Each structure stands twice: as structure tokens, then as C-alpha cells.
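The block underneath contains the structure these notes are about, expressed in C-alpha cells.
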Amino acid sequence: AWIATTDDDAQFNRILRLPEGGLQTYSLLVRNGEIQLISGGTVLSGINIADGDFHLISGVYDAAAMDLILYVDGVEVARNPDVGTPPTGSEDLFIGTSNSSATNQFFDGAISEVRLWNTARSQGQIVETAVELDPGSHSDLTFFLAFDGTNATDYKNGAPITRTGETHVETVLF
């Protein structure tokens with residue numbers, strides 16, 4: 001995800017969340033200015049990205065190695081080896097919020113783009129596709145949503161999303 005924020009004191013400034021029965025299949029958030037990835041375990045970036053600049057944030061769950069890996073601007077900043085298997089399920093993906101407007105937990109900042117892949121991405125792959133990407137040329141790219149300040153476009157499926165607060169459900173993410 002490409003994000004920018006200056007919020008360095010929120011506990012749960014969520015970029016995206018895929019919940020399952022009260023647990024988190026996958027969650028990427030800014031916590032006290034640092035990036036946190038939750039997926040079968042937790043890893044914290046150790047660096048503050050709440051400087052107002054856009055950063056490429058990539059969270060990877062490597063099922064083969066059972067590792068959680070966190071990248072900021074294409075550089076590995078943290079790794080948690082031997083994490084558990086994340087829960088699986090069919091709940092909706094939430095971007096820029098926890099899972100309910102009632103909790104009033106919306107992302108404090110800007111989200112420019114969100115991509116989901118069904119394979120563990122290497123550092124080289126993350127850097128290679130950081131700026132330019134042809135969604136049709138990557139079969140392992142399952143979701144690609146880009147925002148232009150007013151609208152959002154699902155580039156993987158070619159669907160424009162034009163209303164603020166619109167719910168967009170992907171049936172197969174991984």
C-alpha cells in the first residue's frame with residue numbers, strides 16, 4: 001500500500017484489515033507512527049513513518065518459511081520468524097477502517113493504492129512493481145485498488161468505485 005500520515009500517537013490507525021471471527025487474518029496499520037503487520041503473529045517496523053510523505057508499505061506472510069516480513073519503501077525493516085498460520089475465512093476486506101463505522105477508527109492520513117497478492121513477494125519483486133505495474137501481466141495479483149483523491153478504480157477487475165463509503169467486496173482474495 002502507498003500511504004502517508006502524520007499521526008504518530010494512534011494505537012490502531014488501520015491501513016487495511018481482513019478479519020475472521022474477531023481475529024485478524026491480515027492487518028496492516030500504523031501504531032504510534034510505526035508500521036505493524038498482524039497475520040499469524042505480529043511484527044513492528046521499528047521506524048517512524050509518520051512524516052507526511054508517501055511510503056510504500058509491504059507486509060508479507062511467507063507460508064513456506066512461516067515468516068512475517070515488513071518492508072518500508074522497498075527495504076526490509078522487520079521480520080518475525082516462525083509465526084503461526086493465520087486464521088482463514090470469508091469476511092470482507094476493510095481499507096482505511098477497522099470493520100465498523102461505529103468504532104470510528106478511520107485511517108488518519110492518505111491511502112493512494114492497495115495491492116494484494118496471493119504469493120509471498122520478495123524484496124526484488126516489491127521494488128520492481130513499486131511504481132509501474134500492468135495488472136494483467138501478474139496472475140498472482142488478486143486485488144489492485146488505486147485512489148485519485150475523488151474516485152477509486154479496481155484495476156484488476158476494471159471496476160470504477162465512485163461513491164465515498166461504497167462497499168466493494170472481492171469474492172476471492174487469496
- How much accessible area per residue does the range 1-45 have, in Å², with a 1.4 Å probe? 34 Å²
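Counting Lys and Arg as +1 and Asp and Glu as -1, what is the net charge of the other residues whose Cβ lies under 12 Å from the Cβ of Gln11? Each step should come with its number before you reach the end.
Working: positive: Arg14, Arg31; negative: Asp7, Asp8, Asp9, Glu34, Asp108.
Charge balance in the 12 Å sphere: -3.
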- Task: Tally up the carbon and sulfur contribution to the accessible surface of the range 50-132 as a whole percent, 1.4 Å probe, everything protein left in place.
- Result: 47 percent
- Message: Residues of the range 1-41 with the amide nitrogen closer than 18 Å to a label point 7 Å from the Cα of Glu91, along Cα-to-Cβ, please.
- Response: 12-30, 37-41
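The values are calculated or read from the model by the stated rules, or taken from the named source; none is laboratory data. Because the structure is predicted, anything quoted here is derived from the model rather than measured. Because the Cβ atoms are built from the backbone with ideal geometry, glycine has one as well, and the counts that use them run over all protein chains shown. For the accessible areas, the whole protein counts, side chains as well, though only heavy atoms, and no ligand, DNA or RNA atoms are used. Shrake-Rupley method; radii C 1.70, N 1.55, O 1.52, S 1.80 Å.
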